[in-house]
Amino acid sequence: MGETLAEKILSAASGKSARAGEIVIVDVDVTAVQDGTGPLTIEQVKELGGRPVNPDKTVLFIDHAAPSPRSELSNAHRTMREFAHETGARLSDVNQGIIHQRLIEEYVRPGDVVVGADSHTCMSGALGAFATGMGSTDIAIAMVSGKTWLRVPETYRIVVGGEFPSGVYPKDLILYLIGKIGAAGATYKALEFGGPAVAEMDVAGRLTLANMAVEAGGKVGLFPSDEKTRQFLASVGRSDDWSELRAETDANYERIYEIDLGALEPMLAAPHTVDNSFKVADAKGVKLDQVFIGSCTNGRIEDLRVAARILRGRQVNKDTRLIVTPASRLVYIQASKEGVLTDLAEAGALITAPGCGVCVGVHGGILGDGEVCLATSNRNFKGRMGNPKAEVYLASPATAAASAIKGEISDPRDVL
Amino acid sequence: MSLKGKAWKFGDDISTDHIAPGRLFHLRTNLPELAKHVLEDADPEFAASMSPGDFVVGGRNFGLGSSREHAPRIIRLAGISAILAKSFARIFFRNAINVGLPILVCDTDKIDTGDELEVDLSAGEVMNKTKNIKLQFAPLPPAMVKILADGGLVEHFKKHGRLAVE
Ligand code: SF4
């Protein structure tokens with residue numbers, strides 16, 4: 001019996017045949033923390049009396065509160081900067097962008113084991129890395145020992161065929177899929193994407209899918225490393241980091257989901273769980289106080305282009321605020337060069353510094369009591385955008401842009 | 001070892017945003033202060049009303065969402081002796097064990113807020129004294145038993161000088 005992608009990567013990283021259900025100790029390639037989880041990791045590293053064994057691949061991201069809105073957070077940032085300075089660990093400071101976007105731009109290679117003190121670390125799986133989120137203490141151990149322990153997950157294979165209809169995007173696919181699997185339906189499992197539509201899909205789309213694997217409870221969302229991966233790594237100046245990687249054809253999958261994109265429609269997740277999945281067509285007309293386009297899920301240049309195309313020459317509704325956050329500095333610069341930021345700003349969008357603040361309710365775009373927001377991020381839990389008395393819907397950048405124009409949940413196919 | 005206290009019942013899908021909300025992000029480096037807000041977005045009265053030794057009782061998929069270890073840490077810091085739920089989210093489960101907080105998978109339908117519980121960790125039993133019902137909970141995976149027995153992950157690593165869970 002052949003190996004799934006998860007088994008293949010973990011076998012190589014553990015030096016033995018790693019089969020689903022087994023506990024393995026693996027060598028870790030990249031460890032990451034952000035400013036919410038990093039200070040506690042640093043405390044634990046000190047408690048252990050250790051230091052990062054692989055400082056070049058130990059990365060501290062200042063993104064959740066960037067730039068800092070409060071002195072307590074500024075002090076947490078100081079702790080992180082000092083630690084990086086003392087140990088040689090890498091620092092991604094306030095202007096650089098969101099942890100997961102930065103990881104795929106600069107650090108992660110196909111076949112790597114990546115552990116991060118942030119649940120959406122699973123996004124790096126789009127490059128064919130075994131990437132998963134853990135807590136601060138687990139990451140501290142990985143930093144000082146270069147190793148972590150993992151239970152080799154069983155795999156659900158998601159076979160995708162057909163073509164995206166106009167107005168339908170990878171975000172709609174993942175919202176549909178999470179609705180089908182359920183918020184806990186893939187707990188402890190790897191999701192492995194494949195099939196003809198995946199072979200055709202660019203890395204940006206794959207990242208959106210892998211990002212949300214955790215919203216179905218998954219440990220990692222995995223993609224093969226192929227020609228598209230090679231092109232992406234070349235685009236960020238890392239051609240040498242590419243290698244081919246795919247699951248063996250006779251691998252054992254616990255479950256197989258087959259999806260025909262042709263039948264898919266624009267989707268959304270209604271408050272307050274991500275698996276509360278609806279067709280946009282069935283939720284049309286819900287009034288929106290705020291629309292947010294950004295986050296590690298959908299803040300890439302491809303996402304901003306889609307939004308700009310819809311908003312160009314149009315205006316955001318006067319009763320609705322549109323906030324746009326590029327996922328990283330690189331995305332920001334690219335969007336600026338292409339005129340995408342101008343299109344968005346002319347339509348009435350507010351463009352913020354790259355980071356997490358709006359998505360996680362730390363600063364910027366905090367909702368008022370009873371307010372309703374449609375966001376392109378990955379979570380709509382109660383309190384997520386800073387106020388438990390507010391409501392958050394999740395959707396694609398196209399749905400977000402169309403909805404910002406109307407001031408209510410709208411189908412992007414009506415404006416394309 | 002047996003633990004005694006009152007049950008505080010919560011529903012399904014209690015997320016780490018319910019437990020340690022993002023809007024209190026600036027308190028992440030001040031855990032005693034953050035603990036005063038534990039589970040605030042699920043029950044604003046909880047932190048002020050609970051007593052040390054009590055149990056948090058959830059439904060399905062307890063602890064879903066972010067990897068913030070602060071969530072199980074402040075539950076422990078508030079004095080909760082264990083969490084009982086039908087199922088737990090993966091990262092939360094691992095974090096709870098790492099910080100030395102026992103978490104038990106059992107059928108929580110027959111537990112309500114205010115019930116007096118007695119948990120026998122080694123026998124794998126929960127006695128609901130108010131309702132006079134005995135419940136079984138599933139044993140932890142062996143790797144986690146080792147970490148919990150060592151007093152959490154940092155202590156485990158110090159004791160063995162490496163990860164010793166294989
Ligand atoms: S953008 Fe949102 S989901 Fe992504 S890492 Fe930041 S806070 Fe987390």
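Tabulated values for the structure
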read-out: Residues losing 10 Å² or more accessible surface upon assembly, the range B:7-29, compared with the chain by itself, 1.4 Å; value: B:Asp13, B:Ser15, B:Asp17, B:His18, B:Gly22, B:Arg23, B:Phe25, B:His26, B:Arg28, B:Thr29
read-out: Pair A:Thr249, A:Glu338: separation of 7 Å Cα→Cβ label points (nm); value: 3.7 nm
read-out: Gain on full stretching of the segment that runs from B:Ala47 to B:Lys4 - 0.36 nm per residue minus C-alpha separation; value: 13.6 nm
read-out: Rounded percent of accessible protein surface that carbon and sulfur make up, the range B:2-137, 1.4 Å probe; value: 48 percent
read-out: Computed accessible area, A:Lys8, all protein chains, 1.4 angstrom probe, square angstrom; value: 60 Å²
read-out: Accessible surface, per residue, of the protein assembly as shown when the full set of protein chains is kept, probe 1.4 Å, Å²; value: 34 Å²
read-out: DSSP-loop trypsin sites (Lys or Arg not before Pro) across the range B:45-115, with at most 14 other Cβ within 10 angstrom; value: B:Lys110
read-out: Accessible surface ranking that places the most exposed of B:Glu40, A:Glu163, B:Glu45, A:Glu47 first, with a 1.4 angstrom probe; value: A:Glu163, B:Glu45, A:Glu47, B:Glu40
read-out: Carbon plus sulfur fraction of accessible area for the range A:22-149, probe 1.4 Å, in percent; value: 42 percent
read-out: Sites B:Thr113 and A:Ser71, calculated FRET efficiency, Cβ-Cβ separation with R0 30 Å, nearest 0.05; value: 0.20
read-out: The range A:204-285: GluC sites (Glu not before Pro) in DSSP loop, at most 13 other beta carbons within 10 Å; value: A:Glu244, A:Glu248
read-out: Accessible surface buried once B binds A (1.4 Å probe; total of both sides; Å²); value: 3900 Å²
read-out: Proximal charge balance of A:Glu371 [Cβ under 13 Å; K/R count +1, D/E count -1]; value: 0
read-out: Residues of the range B:152-166 buried by at least 10 Å² on assembly (accessible area, 1.4 Å probe, chain alone as reference); value: B:Leu153, B:Val154, B:Phe157, B:Lys158, B:Leu163, B:Val165, B:Glu166
read-out: Rounded, prolate or oblate (a/c below 1.5 giving rounded, otherwise prolate when a/b exceeds b/c) for chain A by Cα gyration tensor; value: oblate
read-out: Net charge of neighbours whose Cβ lies under 11 Å from the Cβ of A:Arg312, counting Lys and Arg as +1 and Asp and Glu as -1; value: +1
read-out: Restricting the range B:1-88 to chymotrypsin sites (Phe, Trp or Tyr not before Pro) in coil, as DSSP defines it, with at most 12 other Cβ within 10 Å; value: none
read-out: Complex-versus-alone comparison for the range A:15-51, residues with a loss of 40 Å² or more in accessible area, probe 1.4 Å; value: A:Ile23, A:Ile25, A:Gly36, A:Leu40, A:Glu47, A:Leu48
read-out: Residue-level accessible surface for B:Cys106, protein heavy atoms, 1.4 Å, Å²; value: 10 Å²
read-out: Gain upon complete extension [B:Glu125, B:Glu155; 0.36 nm per residue less C-alpha separation]; value: 8.1 nm
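The values are calculated or read from the model by the stated rules, or taken from the named source; none is laboratory data. It should be emphasised that the depicted structure is a prediction, and the values quoted were computed from it without experimental measurement. Methodologically, a virtual Cβ is constructed for each residue, glycine included, from the backbone with ideal geometry; neighbour enumeration extends over all protein chains shown. Each accessible area value is taken on the protein alone, full model and side chains, heavy atoms only, with ligands, DNA and RNA left out. Shrake-Rupley method; radii C 1.70, N 1.55, O 1.52, S 1.80 Å.
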